[in-house]
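Read-outs throughout are calculated quantities, based only on the coordinates presented, and are distinct from any laboratory measurement. Treat the numbers as computed from the prediction; the structure is a model and nothing was measured. Ideal geometry is used to build each Cβ from the backbone, glycine not excepted, and the neighbour counts take in all protein chains shown.
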Amino acid sequence: MSAKKSAGGPLTSVLNWIVPPAAPVAPAGPLPERLDWVRAIPFLGMHLGCLLVLWVGWSWLALAIAAFLYALRVFTLTAFYHRYFAHRAFKTWRIVQFVFAAIGTSAVQRGPLWWAAHHRHHHTHSDDPEDLHSPRQKGIFWAHTLWFLSPRAEATNLRLIPDFARYPELRLLDRFDLAVPVLLAASLYGLGALIAWQAPELGVTGMQLLVWGFFVSTIAVYHVTYLVNSATHLVGTRRYKTKDDSRNSMIIALLTFGEGWHNNHHYYPNSTRQGFFWWEIDLSYYVLRFMSLLGLVWDLRPVPQRILHPQPRPVAEPASVATALPS
Ligand SMILES: [Zn+2]
Ligand SMILES: [Zn+2]
């Protein structure tokens with residue numbers, strides 16, 4: 001199936017979502033950059049699913065599971081989808097790579113190859129007309145939440161990520177990325193139903209865990225991730241003069257576990273940490289440091305001293321001083 005076909009009618013759009021093409025293809029040409037309404041329907045449905053909290057109520061267990069899944073998936077997107085798959089900022093075992101790739105797909109933000117390939121494209125074209133999610137080019141709402149629902153963003157451009165596309169298990173996960181979220185949603189419902197049967201006094205139901213653990217938690221993960229594409233190119237401070245509009249924001253760094261230091265990151269994208277100084281809180285980096293003590297990850301790439309403490313440019317010596325020196 002060609003990329004052109006994938007931008008075809010509503011039926012093709014639905015089929016490509018549920019049964020993706022055997023081999024993801026790179027966009028053959030400039031595909032339309034418009035909202036694909038068929039793909040927007042499930043996205044809107046995820047948001048509407050949150051309203052079911054009015055019907056299912058809440059329990060401490062449901063809130064705890066929603067918070068845990070938020071933290072796990074924000075960490076995974078930040079540390080693995082972004083810093084590992086897109087930037088190769090550290091090394092890990094193949095099994096750890098796969099486990100976090102699978103956890104990442106549970107966030108319903110497509111597979112690791114799709115996510116990282118699009119992010120590499122962003123770094124090449126940050127805020128220029130080719131950038132798919134630049135607030136400067138397309139406005140804040142498009143940059144925040146609509147760009148990935150356009151035919152232009154649909155395919156995984158494997159040419160941008162050959163280093164990870166060589167792993168068949170990652171290609172499989174990338175192709176059938178909906179399998180993990182469906183499994184997560186079903187497991188939450190099943191766990192809730194089991195608890196309702198065994199311990200009804202806890203006030204938990206299958207629907208309640210599904211709504212809080214899947215819909216509410218996933219929507220929260222969605223929007224903090226999107227803030228990095230929208231808000232960190234609009235609000236905050238700029239330590240480094242980069243060609244894009246990237247900015248540093250402590251609030252977004254706290255919400256995203258470290259991604260708010262986006263101006264630092266655009267200036268030097270290869271380091272494992274994005275908070276360059278001790279006061280720039282970067283939770284994902286701290287967890288990765290801990291994982292490195294356990295031998296789960298290694299070779300965490302540091303921020304070079306020349307980036308942290310740029311040397312002032314040498315100033316030409318005044319001629320009068322030079323001539324005054326003894327020979
Ligand atoms: Zn950016
Ligand atoms: Zn990046």
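Summary of values
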| quantity | calculated |
| --- | --- |
| For the range 209-311, fraction of C-alpha pairs farther apart than 21 Å, in % | 41 |
| Base-10 log of normalised Debye intensity for the range 40-156 (one unit scatterer per alpha-carbon) at q = 0.16, 0.20 Å⁻¹ | -0.92, -1.19 |
| Net charge of neighbours whose Cβ lies under 12 Å from the Cβ of ASP282, counting Lys and Arg as +1 and Asp and Glu as -1 | +1 |
| Sorted by Cβ density within 10 Å, fewest first, the residues LEU51, LEU31 | LEU51, LEU31 |
| Residue-by-residue Karplus 3J(HN,Hα) for the range 235-247, coefficients 6.51, -1.76, 1.60, Hz, glycine and proline x | 10, x, 10, 10, 7, 10, 7, 9, 6, 9, 9, 4, 9 |
| Amide hydrogen neighbours beyond the local backbone of VAL297, cut-off 5 Å, H modeled | SER292 |
| Rounded tilt (10° steps) of 94-105 against the dominant C-alpha axis of the chain | 70 |
| Range in the chain, longest, excluding exposed GluC sites (Glu not before Pro) [loop by DSSP; at most 15 other beta-carbon atoms within 10 Å] | 131-327 |
| Rg in Å to one decimal, and Dmax rounded to a whole Å, for the range 136-232 via C-alpha atoms | 18.3, 55 |
| Mean Cβ count within 10 Å, highest first, over the residues of peptides 109-115, 223-229 | 109-115, 223-229 |
| Using alpha-carbon coordinates, inclination of helix 217-229 to the longest axis of the chain, degrees | 30 |
| Cβ crowding within 10 Å averaged over residues, with 37-46, 230-239 ranked highest first | 230-239, 37-46 |
| Radius of gyration and maximum dimension Dmax of the range 37-301, Cα, Å | 18.6, 59 |
| Residues with amide H under 5 Å from that of TRP261, placed H, sequence gap 5 or more | SER249 |
